[in-house]
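The structure appears right after this line, and notes come after that.
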Amino acid sequence: MAESAMEEHKIQRPPAKRGMYVLPSLFTAGNIAIGYYIIMQAIRGSGLADPLNQPYFDRAALGIAFAIIFDGLDGRIARMTNTASEFGRELDSLADVITFGVAPSLLAYLWGVRQVQMGTYPGVQERVLHFGLVICFLFLICGACRLARFNISVNPKPKNPGRPGRKYFVGMPIPAGAGVIGAVIHFEGGSPVGSLWMSTLWLGLVAFTGFLMVSSWRFWSGKEIDMSARKPVRLLVLLAVVIAVMFEWHRYALMVMALGYLMSGVLARLAYSWQRRFARA
């Protein structure tokens, strides 16, 4: 009886102090501030006379990377301090719409569509400008729908289920979708798209990313990573390697991470379809 009482005492965490509930919300507020910073940098970048020499788009792209870190910290801090609340969840969703929806969609348009140089076909360019507005707006809508579905879903199951003991996201998370936009822009050094052909390819990538967010395909969630392990030696070594790589080759590392995560969901869906075809055959 004494041992069971001690085990229950270890499992049940004491209620957090009232002031501790502000801590996760501070990180969420920081996430909103970064979203506002991204919007301001994108607007400043679009107004410069020399589009080939401007750091503002690159700063906005890096802001998305920092926002992803803040977004991951507020949830973990709330769980670690036992301060999760309905207010915090709603505030986090609103912050994600601003930082990973409104800001990246505006950045995608101003960087990849608005800066296209006038060519021999001004009518085609005008159509691409209007088409770009629609595509970037659809990215925003897809991200908001992804958040709404995540908030109301209870134990969702993807169309292509993975291993039974693991948890997956249904659809690409909106921070990862924004990360794709930020990684590509940072890889280009913030230099905006000037070619009509490249702008069309860029809009195709933005549209495909929006589709993945509202899809029912599985994406790795990373929830099986235990940060509270007593001897997280492997995790610490991996974290040190990631930090070193990011510090030295941040442009290539962010590009590989973002597009690799995007392709992981696509490849998982294709592999599941092939398995079903072979099973039927």
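The values are calculated or read from the model by the stated rules, or taken from the named source; none is laboratory data. What you are looking at is a predicted structure, and each value in this text was computed from that prediction instead of being measured. With ideal geometry, Cβ positions are generated from the backbone for all residues, glycine too; neighbour counts draw on all protein chains shown.
Quick look at the numbers
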| read-out | value |
| --- | --- |
| Complete set of residues in segment 126-170 that are of a type in the set (Gly, Ala, Ser), out of contact with any Gly (no Cβ under 9 Å at 6 or more places or on another chain) and farther than 15 Å from Phe100 by Cβ | Ser153, Gly162, Gly165 |
| Matching helices (runs of 4 or more DSSP H) fully within segment 1-80 where at least 3 residues are under 18 Å from Val113 (Cα atoms) and at pLDDT 80 or above | 22-46, 56-80 |
| Residue, surrounded by the fewest Cβ atoms within 10 Å (Cβ to Cβ), within segment 84-135, restricted to residues that are of a type in the set (D, E, K, R), part of a helix (DSSP H, G or I) and touching a residue at least 24 places away in the same chain (Cβ under 8 Å) | Arg89 |
| Phe169 vs. criteria more than 18 Å from Met263 (Cα to Cα) and surrounded by 12 or more Cβ atoms within 10 Å (Cβ to Cβ) | no |
| The listed residue being at pLDDT below 95 and either farther than 16 Å from Ile68 by Cβ or not in a loop (DSSP other than H, G, I, E, B) (or both), out of Leu212, Leu205, Leu138, Leu147 | Leu147 |
| Segment 217-255, subset surrounded by 13 or more Cβ atoms within 10 Å (Cβ to Cβ), part of a helix (DSSP H, G or I) and hydrophobic (A, V, I, L, M, F, W, C), residue modelled with the lowest pLDDT | Leu235 |
| Yes/no for Tyr261 being without any contact (Cβ under 8 Å) to a residue 60 or more places away in the chain and surrounded by 18 or more Cβ atoms within 10 Å (Cβ to Cβ) | no |
| Cβ-Cβ under 7 Å pairs, at least 6 apart or on other chains, segment 144-167 side on the phi < 0 side of the Ramachandran plot and free of Cβ contacts under 8 Å to residues at least 60 places away in the same chain, far side hydroxyl-bearing (Ser, Thr, Tyr) and in a helix (DSSP H, G or I) | Leu147/Ser93 |
